[in-house]
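Structure, as C-alpha cells:
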Amino acid sequence: KGQPELALQHLQRALEQDPKSAEAYNIMGVLLEQDDNLSKAEQHYQKALSLNRDYPQARNNYGVLLFRLKRYKEAIEQFEIAANDLSYDRREVALDYVARIALMLNNKEKAYASFERLLRLSPRAFEPALALAQLAYDDKKYDEAARYYQKFLRNLGKQRQSATSL
C-alpha cells in the first residue's frame, strides 16, 4: 500500500514471533531492496534460503538482486534453480532471466535452449520467438529464423512491432 515503514514494523514483528520464517526474510529482502539497501537485502535473501533452500520465490528475488548488482553468473544460478522448480508459478520469469543472462555471457547454446523452453511453457509468448529468430539468423539458419519470426508475428497478433522486430 506504499507504506514501507508500516511494512517494516509488521515484518519485524513477524520475525520476532517466528525467527525461522523464510517467507518473512524474503519479504524483508524485497522491502530493503526497494529502499536501495542492497547489502541488507542480500543478507535477508540468503537467510531465507538458508532456512528453506527450496523456496523458488526467494531464489528468483535473490537472482534479481544479483542481476542488479551485475553478478550475472551468481544470478543465473538462482534463476535456474527457480525455473526448474515445477511448483513455482513464475517459472517463465526466471527462465527469461536465464536466457537473457546467457546471451549477456555469450552462452548462445544456453540462451537458445532457455528461450525454446520458455516458448514451450508459454506458447503464445512473442518475445522468446523473436529472440530465437535472431539467434537462428545470427547462426545463418535462415529457414529456422523465418519459422521463429512467423511464430513471433502470429503471437504478436495486432500489437505493434518494435524497431528491433521490424
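The values are calculated or read from the model by the stated rules, or taken from the named source; none is laboratory data. If you're wondering where the values come from, they're calculated on a predicted model, not measured in any experiment. Because the Cβ atoms are built from the backbone with ideal geometry, glycine has one as well, and the counts that use them run over all protein chains shown. What goes into the accessible areas is simple: the full protein's heavy atoms, side chains included, and nothing from ligands, DNA or RNA. Shrake-Rupley method; radii C 1.70, N 1.55, O 1.52, S 1.80 Å.
Figures for the structure shown
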quantity	calculated
Ranking by accessible area, most exposed first, for L66, L38 with a 1.4 Å probe	L38, L66
Computed [θ] at 222 nm, helices only, for the chain once each DSSP H run of length n ≥ 4 contributes -39500 (n - 2.57)	-23500 deg cm²/dmol
Relative contact order for the range 108-166, counting Cα pairs under 8 Å that sit 6 or more residues apart, in percent	30 percent
Proportion of all alpha-carbon pairs of the range 37-123 beyond 14 Å (%)	60 percent
Exposure rank, largest accessible area first [Y148, Y97; 1.4 Å]	Y97, Y148
Viscosity 0.890 mPa s, 25 °C: Kirkwood-radius Stokes-Einstein D of the range 75-155 over Cα pairs, µm²/s	195 µm²/s
S39-A146 pseudo-label distance in nm [points 7 Å out on the Cα-to-Cβ vector]	5.7 nm
Cross-link pairs beyond the 21 Å C-alpha cut-off, checked among K73/K141; K20/K40; K70/K151	K73/K141; K70/K151
Listed residues D139, D54 arranged by accessible area, highest first, probe 1.4 Å	D54, D139
Structure-derived Cα Rg over 2.2 N^0.38 Å - corresponding label in (i) 1.22; (ii) 1.11; (iii) 1.00	(i)
A14-Q159 pseudo-label distance in nm [points 7 Å out on the Cα-to-Cβ vector]	3.2 nm
Magnitude of the charge dipole, the range 1-146, Cβ model with Lys/Arg +1 and Asp/Glu -1, debye to 20	120 debye
Heavy-atom accessible area per residue - the range 1-121, 1.4 Å, Å²	58 Å²
Listed residues I101, H10, I27: farthest to the positive end of the dipole of the chain (Cβ charges)	I101
Most mobile listed residue (A22, A94, A14) in the chain, GNM with C-alpha springs under 10 Å	A14
